[in-house]
Amino acid sequence: MSSAELPEQAVGEDGCCHTERSTIQPAKDVLLKRLNRVEGQVRGIARMIEEDRYCIDILTQVSAVRSALDAVAQQLLTDHTRGCVTRAIEHGEGQQAIDELLATIGRWMK
């Protein structure tokens with residue numbers, strides 16, 4: 001369902017719409033492209049292991065995958081903060097959204 005098909009009150013200015021556990025991602029195409037690239041990198045790592053490639057070369061690729069996943073997480077964090085958290089604050093539910101955001105950042109930093 002596109003944001004144009006959603007009820008007017010459900011769509012924010014940024015085109016993001018969400019319920020408690022569902023969100024239409026404003027950067028969905030970017031996220032999916034990055035994840036498809038990560039998927040290919042992971043398959044490449046598996047192939048490198050199957051081919052008994054040099055450990056350091058494999059670890060370099062693992063590092064690249066981690067960086068790519070961090071970029072996905074950063075985009076999601078940015079979109080969540082600008083969309084969902086901002087909207088929660090506007091609707092008087094800011095403390096809960098901020099607590100959830102801080103807990104998520106805490107888990108992400110481990």
Of (1) within 19 Å of residue 27 (Cβ to Cβ); (2) within 15 Å of the chain's Cα centre (by Cα); (3) of a type in the set (Lys, Arg), residue 107 fails just (1)
Q. When you look at residue 42, is it of a type in the set (Val, Ile, Thr) and touching a residue at least 24 places away in the same chain (Cβ under 8 Å), yes or no?
A. no
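Here's the yes/no breakdown for (1) surrounded by 15 or more Cβ atoms within 10 Å (Cβ to Cβ); (2) modelled with pLDDT under 95; (3) of a type in the set (S, T, N, Q):
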site: 55; (1), (2), (3): no, no, no
site: 59; (1), (2), (3): no, no, no
site: 62; (1), (2), (3): no, no, no
site: 66; (1), (2), (3): no, no, no
site: 85; (1), (2), (3): yes, yes, no
site: 92; (1), (2), (3): no, yes, no
site: 97; (1), (2), (3): yes, yes, no
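The values are calculated or read from the model by the stated rules, or taken from the named source; none is laboratory data. Bear in mind that the values here come from a model prediction, so they are computed numbers and not experimental data. Note that we place each Cβ from the backbone using ideal geometry, even for glycine, and neighbour counts take in every protein chain shown.
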